[in-house]
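Asker: Below you will find the structure I want to go over with you.
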Amino acid sequence: MDSDCEIFSDLDSGEESNENTEFATEIDPVSVDEESEVDDYPFEILSTNQIAQHMADCIKEVNAVVGLPPTVTRILLNHFKWDKEKMMERFYDGNQEKLFEEAHVVNPVKSSRASQSSRQRRSTNQSSEDCEICFVSYPAPLMAGLDCGHRFCTTCWDDYLTTKIMEDGVGQTIACAAHNCKILVDDESVMRLIKSSKVKLKYQHLITNSFVDCNRLLRWCPSPNCNNAVKVQFLESRSVTCRCGHTFCFLCGQNRHEPVKCELLKKWIKKCNEDLASCNWIAKNTKDCPQCDFTIEKNGGCNHITCGNRTCRHEFCWICLGKWDIHRTIGTSCNRYSASNESKEQSRTSLNRYLFYCNRYMNHMQSLKFEHKLYASVQKKMEEMQQFNMTWIECQFLKKAVDILCLCRQTLMYTYIFPYYLEKNNQIAIFENNQQDLENATESLSEYLERDITSENLIDIKQKVQDKYRYCSSRRNALLKHVHEGYDEDWWQYL
Ligand SMILES: [Zn+2]
Ligand SMILES: [Zn+2]
Ligand SMILES: [Zn+2]
Ligand SMILES: [Zn+2]
Ligand SMILES: [Zn+2]
Ligand SMILES: [Zn+2]
């Protein structure tokens with residue numbers, strides 16, 4: 001069985017570079033402490049070599065039970081899309097002969113008898129054999145065959161397999177070279193019969209690819225140039241972070257979108273695309289001051305706006321245009337939709353309701369875009385701090401603060417999809433409290449990083465920034481934990 005791993009031992013996976021990024025993630029604090037506590041969604045990152053090893057382990061595990069040659073087990077497992085239970089169920093419950101036929105493999109019990117008799121045949125006539133492809137007569141050692149009994153010269157095999165692999169891109173399901181023979185060529189034979197290491201490598205990639213693609217608990221990291229796969233223990237619409245730093249939803253492969261599930265997000269995006277006009281209207285970057293009508297242009301992520309008109313200086317919320325200080329008190333927040341003041345007319349209410357959530361969704365999306373500008377100003381601040389005898393590592397808290405700010409904005413953005421599709425109940429009320437807490441914490445961090453930080457002593461900043469982002473992070477975790485609990489307990493009733 002160990003030969004299975006050896007087949008893949010020369011697989012080029014860029015291991016060294018992976019190790020470097022592993023170190024980088026170790027000092028990247030976001031993925032270590034703050035997030036891990038909420039993400040009780042266990043997953044592993046596998047390099048290409050580890051995938052091959054995992055595949056070999058699967059075969060080993062099944063073989064310990066069924067006792068077939070590993071090459072046959074691999075073909076059978078692939079036939080069942082690497083569902084071990086399903087394969088073994090069929091192996092013991094059904095007609096084994098039919099199973100082997102379906103999977104295009106020769107029954108190993110029969111094949112050992114067949115190869116024995118063919119060996120006997122060959123020994124009696126050892127001088128030479130005719131290849132049925134090129135019709136040249138070769139000495140026996142230059143001929144090779146499969147359990148189906150078809151034998152060709154090694155040059156013809158090499159040509160045939162190379163074409164299949166390099167031109168047709170076939171890996172797991174290469175059939176015997178004989179016309180009309182459906183028996184699959186096993187991996188050991190392929191590796192033995194191919195001479196070019198480039199073709200061998202391509203074959204290994206094809207095999208691991210189909211292993212990952214078939215396996216529901218594995219997914220390639222969608223980041224370009226990343227060769228890692230993520231392995232989970234159960235399927236859920238949850239985000240995972242690869243060693244390369246990319247975070248994505250395991251189920252759909254898109255960017256992380258908690259707390260909503262893939263289906264709901266798809267539905268929402270479809271709706272947004274249909275209502276593009278209203279979304280464009282919402283997404284504009286200028287608004288008029290609700291007190292003096294002075295036109296204000298937004299150029300940062302923070303939603304606490306102070307009117308630019310010097311005689312006004314009205315402080316208000318960019319999202320709901322309400323007075324800012326009222327936002328700090330519970331019960332008057334701008335995150336809850338209330339239909340009470342709307343027209344009784346159903347259609348109008350439903351449009352207003354949609355615009356309410358869409359407005360908030362788009363607003364956080366836009367703020368998120370602005371927060372990316374913050375990285376540049378934070379970078380400058382970090383350089384300043386290094387002049388004050390702070391080390392590069394000691395300054396990292398500022399970058400981390402922006403990381404967490406972006407993470408919270410992103411989560412907030414998706415939280416507005418959630419109540420749009422859900423029936424109001426007590427749990428939604430709790431959800432909206434959590435949403436409000438996260439929103440307040442996020443705006444407070446945003447405001448601090450964008451404006452207040454400049455007026456303070458550089459050395460005092462650290463504690464304040466850390467307090468603020470830790471609070472944000474804990475509010476985000478609380479919200480996500482509650483939503484996941486709701487998924488488990490069936491609290492969320494879709495409209
Ligand atoms: Zn030949
Ligand atoms: Zn054959
Ligand atoms: Zn990756
Ligand atoms: Zn998803
Ligand atoms: Zn004003
Ligand atoms: Zn507001």
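The values are calculated or read from the model by the stated rules, or taken from the named source; none is laboratory data. The structure presented is a predicted model; accordingly, all values stated were derived computationally and were not measured. Please note: Cβ atoms are built from the backbone with ideal geometry, for glycine as well, and neighbour counts cover all protein chains shown. Calculation scope for accessible area: heavy atoms of the full protein, side chains included, ligands and nucleic acids excluded. Shrake-Rupley method; radii C 1.70, N 1.55, O 1.52, S 1.80 Å.
Yes or no, residue by residue, for (1) closer than 16 Å to Tyr203 by Cβ; (2) touching a strand residue (DSSP E or B) at 6+ places or on another chain (Cβ under 8 Å); (3) surrounded by fewer than 16 Cβ atoms within 10 Å (Cβ to Cβ); (4) hydroxyl-bearing (Ser, Thr, Tyr):
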residue	(1), (2), (3), (4)
Cys131	no, yes, no, no
Ala140	no, yes, yes, no
Cys156	no, no, no, no
Gln172	yes, yes, no, no
Ala177	yes, yes, no, no
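Asker: Has the stretch 127-144 got at least one residue that is modelled with pLDDT under 90, aliphatic (A, V, I, L, M) and in a helix (DSSP H, G or I)?
Answerer: Checked the stretch 127-144: at least one residue is modelled with pLDDT under 90, aliphatic (A, V, I, L, M) and in a helix (DSSP H, G or I).
Asker: Please go through the stretch 78-103 and pick out each residue that is crowded, with 18+ Cβ neighbours inside 10 Å and in a loop (DSSP other than H, G, I, E, B). Quick ask: steps written out before the conclusion?
Answerer: Looking only at the stretch 78-103, we keep the residues that are crowded, with 18+ Cβ neighbours inside 10 Å, and these are 78-80, 82, 87, 90-91, 99-100, 103.
Answer for the stretch 78-103, where residues must be crowded, with 18+ Cβ neighbours inside 10 Å and in a loop (DSSP other than H, G, I, E, B): Phe80, Trp82, Ala103.
Asker: Moving on to the next point. When you scan the stretch 459-476, do you find a residue that is in contact with a strand residue (DSSP E or B) (Cβ under 6 Å, 6 or more places away or on another chain), assigned to a helix (DSSP H, G or I) and crowded, with 16+ Cβ neighbours inside 10 Å, even just one? Break it down into steps so the answer makes sense when it comes.
Answerer: Residues of the stretch 459-476 that are in contact with a strand residue (DSSP E or B) (Cβ under 6 Å, 6 or more places away or on another chain), as a first pass: none.
The answer is no; no qualifying residue exists.
Asker: While we're looking at this one, here's another question. Any idea which of Ile59, Ile45, Ile51, Ile75 is part of a helix (DSSP H, G or I), within 17 Å of the chain's Cα centre (by Cα) and modelled with pLDDT of 90 or more? Break it down stepwise before answering.
Answerer: On the way: Ile59 fails: within 17 Å of the chain's Cα centre (by Cα); Ile45 fails: part of a helix (DSSP H, G or I); Ile75 fails: within 17 Å of the chain's Cα centre (by Cα).
That would be Ile51, the only listed residue that is part of a helix (DSSP H, G or I), within 17 Å of the chain's Cα centre (by Cα) and modelled with pLDDT of 90 or more.
Listed here are the residues, each with its yes/no results for (1) more than 26 Å from Lys481 (Cβ to Cβ); (2) not assigned by TED's automatic domain parsing to the domain that holds Leu412; (3) not in a strand (DSSP E or B).
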{"site": "Thr208", "(1), (2), (3)": "yes, yes, yes"}
{"site": "Asp213", "(1), (2), (3)": "yes, yes, yes"}
{"site": "Pro222", "(1), (2), (3)": "yes, yes, yes"}
{"site": "Cys226", "(1), (2), (3)": "yes, yes, yes"}
{"site": "Lys231", "(1), (2), (3)": "no, yes, no"}
{"site": "Glu236", "(1), (2), (3)": "no, yes, yes"}
{"site": "Gly245", "(1), (2), (3)": "no, yes, yes"}
{"site": "His257", "(1), (2), (3)": "no, yes, yes"}
{"site": "Lys266", "(1), (2), (3)": "no, no, yes"}
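Asker: Could you tell me whether the stretch 285-294 includes any residue that is touching a Gly at 6+ places or on another chain (Cβ under 7 Å), more than 16 Å from ligand 2 (Cβ to nearest atom), without any contact (Cβ under 8 Å) to a residue 24 or more places away in the chain and not assigned by TED's automatic domain parsing to the domain that holds Ile45?
Answerer: Quick first cut of the stretch 285-294, residues touching a Gly at 6+ places or on another chain (Cβ under 7 Å) only: 294.
This time we only want the ones that are more than 16 Å from ligand 2 (Cβ to nearest atom), so: 294.
Still in the running and without any contact (Cβ under 8 Å) to a residue 24 or more places away in the chain: 294.
From what's left, not assigned by TED's automatic domain parsing to the domain that holds Ile45: 294.
The answer is yes; a qualifying residue exists.
Asker: Enumerate the pairs (first residue in the stretch 242-258 and in contact (Cβ under 8 Å) with a residue 60 or more places away in the chain; second residue anywhere and outside any loop (DSSP other than H, G, I, E, B) and away from ligand 3 (no atom under 15 Å from the Cβ)) with beta-carbon separation below 8 Å, excluding pairs fewer than 6 apart on the same chain, so at least 6 apart or on different chains.
Answerer: Qualifying pairs under 8 Å: Arg256/Gln410; His257/Leu265; His257/Tyr414; Glu258/Thr411; Glu258/Tyr414; Glu258/Leu480; Glu258/Val483.
Asker: Follow-up. Scan the stretch 239-253 for residues that are among the polar types (S, T, N, Q) and more than 11 Å from ligand 4 (Cβ to nearest atom) and jot them down.
Answerer: Pass one, the stretch 239-253, residues among the polar types (S, T, N, Q): 239, 241, 247.
Listed by number, the residues that qualify are Thr241, Thr247.
Asker: Now, a different point. Can you find a residue in the stretch 187-201 that is surrounded by 21 or more Cβ atoms within 10 Å (Cβ to Cβ) and among the acidic types (Asp, Glu)?
Answerer: Scanning the stretch 187-201, I find at least one residue that is surrounded by 21 or more Cβ atoms within 10 Å (Cβ to Cβ) and among the acidic types (Asp, Glu), so the answer is yes.
Asker: Okay, moving on. Is it the case that some residue within the stretch 137-148 is touching a residue at least 60 places away in the same chain (Cβ under 8 Å) and away from ligand 5 (no atom under 16 Å from the Cβ)? Let's see the steps before the verdict.
Answerer: In the first step, residues of the stretch 137-148 are kept if they are touching a residue at least 60 places away in the same chain (Cβ under 8 Å); the result is none.
Looking through the stretch 137-148, none of the residues is touching a residue at least 60 places away in the same chain (Cβ under 8 Å) and away from ligand 5 (no atom under 16 Å from the Cβ).
Asker: Take the residues of the stretch 310-319 that are open to solvent by 10 Å² or more (accessible area, probe 1.4 Å) and free of Cβ contacts under 8 Å to residues at least 24 places away in the same chain: which is nearest to Arg409 (Cα to Cα)?
Answerer: Glu315
Asker: Need pairs with beta-carbon distance below 7 Å; first residue more than 16 Å from ligand 3 (Cβ to nearest atom) and within the stretch 152-170, second part of a helix (DSSP H, G or I) and β-branched (Val, Ile, Thr); sequence gap 6+ or separate chains.
Answerer: The qualifying pairs are Leu161/Val190; Thr162/Val199; Ile165/Val199; Met166/Val199.
Asker: Taking only the stretch 407-428 into account, find how many residues are over 20 Å from His372 (Cβ atoms), open to solvent by 10 Å² or more (accessible area, probe 1.4 Å) and aromatic (Phe, Trp, Tyr).
Answerer: So the count comes out to 2.
Asker: OK, next. Any residue at all in the stretch 211-218 that's within 30 Å of Arg151 (Cα to Cα), modelled with pLDDT under 95 and more than 16 Å from ligand 5 (Cβ to nearest atom)?
Answerer: Scanning the stretch 211-218 turns up at least one residue that is within 30 Å of Arg151 (Cα to Cα), modelled with pLDDT under 95 and more than 16 Å from ligand 5 (Cβ to nearest atom).
Asker: Against the condition at pLDDT 90 or above and either among the polar types (S, T, N, Q) or more than 15 Å from Ser446 (Cα to Cα) (or both), how does Thr415 come out, does it pass? Talk me through it step by step, then tell me what you get.
Answerer: Values: at pLDDT 90 or above: yes; either among the polar types (S, T, N, Q) or more than 15 Å from Ser446 (Cα to Cα) (or both): yes.
Yes; evaluated as a whole, the condition is true for this residue.
Asker: Separate question: Tell me which of these Cys307 doesn't satisfy, since it passes every other one: (1) surrounded by 19 or more Cβ atoms within 10 Å (Cβ to Cβ); (2) at pLDDT 90 or above; (3) closer than 24 Å to Arg470 by Cα.
Answerer: (3)
Asker: Continuing with the same structure: Which one of these is over 21 Å from Lys369 (Cβ atoms), touching a helix residue (DSSP H, G or I) at 6+ places or on another chain (Cβ under 9 Å), of a type outside the set (Ser, Thr, Tyr) and open to solvent by less than 10 Å² (accessible area, probe 1.4 Å): Leu438, Leu480?
Answerer: Numbers: Leu438 fails: over 21 Å from Lys369 (Cβ atoms).
Exactly one residue qualifies, and that residue is Leu480.
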